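What follows is a set of notes on a single structure, which appears directly below.
The values are calculated or read from the model by the stated rules, or taken from the named source; none is laboratory data. Just so we're clear, the structure is a prediction, and the values are computed from it rather than from any experiment. Virtual Cβ from ideal backbone geometry, glycine too; neighbours counted across all protein chains shown. Just the protein is used for accessible areas: all its heavy atoms, side chains included, with ligands, DNA and RNA removed. Shrake-Rupley method; radii C 1.70, N 1.55, O 1.52, S 1.80 Å.
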Amino acid sequence: MVETLINLRRSISSYKTLFALLWIVVFTSLFIWQRSFLDGFLIFRRPIVSVRPLPLFRPVAYNITEFGGVGDGVTLNTVAFERAVFAISKLGKKGGGQLNVPAGKWLTAPFNLTSHFTLFLDQDAVILGVDDEKLWPLMPPLPSYGYGREHPGPRYGSLIHGQNLRDVVITGNNGTIDGQGQRWWKRYRQKLLNNTRGPLVQIMYSSDIVISNITLRNPPFWTLHPYDCKNVTIRNMTILAPLFEAPNTDGIDPDSCEDMVIEDSYISVGDDAIAIKSGWDQYGTAYGRPSKNILIRNLIVRSMVSAGISIGSEMSGGVSNVTVENVLIWNSRRAVRIKTAAGRGAYIRDIKYRNITFENVRVGIIIKTDYNEHPDDGFDRKAFPVIRDISYISIHGEGVRVPVRIHGSSDIPVRNVTFRDMSVGITYKKKHIFQCAYVSGKVIGSIFPKPCENLDLYDEQGTLVKKSVSENASDIDYDI
């Protein structure tokens, strides 16, 4: 009996020991699980440094570093860019390739693009143009400009250049292309350059071009120059240059281009924010490529030296079917301008301005027909451009000195101009703030300020109220 009780106690003791061991195991497991569980939550409370994958727009993508690129702002990366473009040029039949430029400062001399190519600039990536003009190649002058824009003979190429291309994209996460134009501007003013300066980005004789989501700044000359191109889209851009002492730093210059959209961008530069062109005098006439079918919309622009949106003055191939809408021009010398001269020939027609706002500009609407800059003395002095079918609808603003100055002439009259829904607050209370000369057209409904006597007056229903008998009257005052 005693022996039985002893064995029973031993069995119970063994069970207690086993039970205790089991509890230890369970507790330890719970402790480890709890630490892991809490660590999992703590991960979300720590800053995480992650590498964001860049979007892939082509079947094959390279990084500029794979070709020896160094983004320290000092190393010259021209060869790296050339090697990368050459590698991608072999991929055209496979859908092309993408060149990624990561954060860093990538100094380079000019280089050329290729077809079926995407240049992608990541956030904080800056392509810097070397400011030594000896490293910029010389190119023949543009055929529609004669033998030189600033100087006779060859011109400097652009920092990023392309010719005879198809399917090219320049985009990014708001990376930057910086031309470091300060030295160019200084040497130009000092008359130390012997050749015409080059643009920052120039694409020639090409089609299916998209440029978006990047910043362009400090060009030596014009910033973005599509020349004789078709099907071009420019959107979500920031284009910057100093407002003063940055000569000829136009923002975007569509030149003999067709089927083009420029939208959703901010431009503040030292010359025209946008200037539509198509060749200069007899050379543009001979080249014979118009700019047409261009839509410009949803922009904020600024130019203290020139104009927000210009057409001309180099327009000898013709300009037609242009729509400018939803644009704010602020703190500028001029807002929307058409400029030409005897010798240009060709035409400017079918131009529509809609929903345009002026804020603190000297002159709002300008048509100037005596912009007498010529490539040489060989131009035809009787080649008079035709200007007609221009409409200004929903034009509003404040702080404008002269809302309208349309300066036609007996040789270059301005025909069929339409104003409707216009109200512009003025800063100058004298007369002659709606200036006209050799203009015909109409005003529909009431507008402010009071229109010039050259225009017919219609009511809102389109019924003629008063027919003008003074189309050739002149009331231009450049002293205001």
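Report note on the peptides 194-201, 345-352, 248-255: ranked by the mean count of other C-beta atoms within 10 Å, highest first, their order is 248-255, 194-201, 345-352.
Region 109-162 and region 194-210 have Cα centres lying 6 Å from one another. For the chain, the average shadow cast by the Cα convex hull is 37.2 nm², which is a quarter of the hull's surface. The residues packed around Phe117, meaning those with a beta-carbon under 15 Å from its beta-carbon, carry a net charge of +3 if Lys and Arg are +1 and Asp and Glu are -1.
With the alpha-carbon atoms of region 349-480 aligned to their principal axes, the span from lowest to highest coordinate is 47, 33, 25 Å, starting with the largest.
Once the chain from Asp376 to Val74 is taken as fully extended at 0.36 nm per residue, the excess over their C-alpha distance is 104.5 nm.
Would you please state which residues of region 297-334 a label at Arg235 would reach in this model, taking the label point 7 Å out along Cα→Cβ and a backbone N cut-off of under 18 Å? Only 297-300, 323-327 fall inside the zone, counting backbone N under 18 Å. The calculated pair-distance distribution of region 265-414 uses every alpha carbon pair, bins of 10 angstrom beginning at 0, and gives 13, 43, 34, 10, 0 percent.
Accessible area per residue for the chain, computed on protein heavy atoms with a 1.4 Å probe, is 46 Å². Residues Asp132, Asp376, sorted by accessible area with the largest first, give Asp132, Asp376 [1.4 Å probe; ligands and nucleic acids excluded].
Residue ranges 420-427, 237-244, 106-113 sort as 106-113, 237-244, 420-427 when ordered by packing (mean number of other C-beta atoms within 10 Å per residue, highest first). Here the relative contact order of region 191-266, from alpha carbon pairs under 8 Å that lie six or more residues apart, stands at 33 percent. Across the accessible surface of the chain, with the other protein chains kept in place and a 1.4 Å probe, carbon and sulfur atoms take up 54 percent. Charge tally for Pro143 (other residues, Cβ to Cβ under 11 Å; Lys, Arg +1; Asp, Glu -1): 0.
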